[in-house]
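No value in this document is a laboratory result; all are computed from the given coordinates. Keep in mind the model is a prediction, meaning the values are calculated, not measured. Note that we place each Cβ from the backbone using ideal geometry, even for glycine, and neighbour counts take in every protein chain shown.
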């Protein structure tokens with residue numbers, strides 16, 4: 001009787017070897033870094049990529065204006081007028097750290113706590129990252145914070161300044177895109193789609209089922225909202241970049257799910273044959 005019961009009980013999903021996961025994740029990230037940094041500020045003839053990225057930024061602004069939704073500069077200007085400039089340095093630090101730290105924490109936690117969901121969401125993260133490379137390569141985009149710096153070089157003689165503040169330069173913290181080795185390897189024009197938005201939403205979707213306390217779930221749900229606020233307040237992205245980040249995540253989930261189901265069917269077939 002015990003044998004018959006055990007045959008009907010679902011088997012626990014085996015945890016994948018850690019070394020294989022590390023190789024997979026590192027491989028995806030190296031591909032991402034190589035392609036991302038090859039285009040835009042880190043690739044192409046001097047000034048060439050800058051001019052293309054500037055032109056694309058003007059196109060995005062024109063589209064947002066036609067939609068009557070070009071609000072980023074007004075929002076940033078209002079926020080920086082708050083006492084202590086709204087402690088904008090906190091958002092600078094958030095922009096440079098949470099993007100990587102919380103995504104890594106979510107991935108490791110998922111691997112340890114929920115091996116059943118892990119393959120689908122790991123694949124989703126990988127496809128989100130790789131699909132974003134298409135945008136970075138095909139649509140080099142200057143972030144709002146750099147527009148006024150380069151308008152004299154790439155804009156028409158009648159072009160007015162946009163009024164965006166480069167918070168990383170005006171309110172420096174312990175890191176900057178324009179310092180040391182980071183300036184040489186970082187592609188500041190890899191802005192469309194926003195992986196900050198894609199990764200933060202991915203992290204929230206991964207972590208929400210893993211946390212039980214109400215306050216923790218609220219914080220997890222607010223993380224993408226905080227990320228959107230951050231990228232607008234620091235003028236690192238247009239809101240349209242964030243929307244495309246979510247669209248990229250959606251397509252990545254579909255692809256990740258298909259790949260996951262494909263490998264499940266292969267494993268099931270292999271077990272049946274064995």
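Take 189, 223 and order them by how many other Cβ atoms sit within 10 Å, fewest up front.
Details: 189 27, 223 18.
If I rank by nearby Cβ atoms, fewest first, I get 223, 189.
For 166, 114, which order do you get if you count the other beta carbons within 10 Å of each Cβ and list the fewest first? Don't skip to the end; give the middle numbers.
Numbers: 166 20, 114 14.
The order, fewest Cβ neighbours first, is 114, 166.
Can you list, largest first and rounded to whole Å, the semi-axes you get for region 48-126 by taking the square root of 5 times each eigenvalue of its Cα gyration tensor? Don't skip to the answer; put the middle values down first.
Working: eigenvalues 237, 94, 35 Å².
With the √(5λ) rule applied to region 48-126, the semi-axes are 34, 22, 13 Å.
Suppose R0 equals 30 Å. What FRET efficiency, 1/(1 + (r/R0)^6) with r the Cβ-Cβ distance, do residue 262 and residue 97 give to the nearest 0.05?
On the way: r = 35 Å, r/R0 = 1.18.
After rounding, the FRET efficiency stands at 0.25.
For an R0 of 22 angstrom, estimate the FRET efficiency from the Cβ-Cβ distance between residue 137 and residue 63 and round to the nearest 0.05.
Details: r = 20 Å, r/R0 = 0.92.
Efficiency, rounded to the nearest 0.05: 0.60.
Taking Cα centroids, how far is region 63-78 from region 202-267 in Å?
24
Pulled fully out, how much extra length does the chain show between residue 74 and residue 246, if you take 0.36 nm times their separation in residues and subtract their Cα-Cα distance?
Numbers: separation 172, 0.36 × 172 = 61.92 nm, distance 2.35 nm.
Difference between extended and current length: 59.6 nm.
Would you order 54, 100 from fewest to most other beta-carbon atoms within 10 Å of each residue's own beta-carbon?
On the way: 54 23, 100 11.
Listed from fewest to most nearby Cβ atoms, that is 100, 54.
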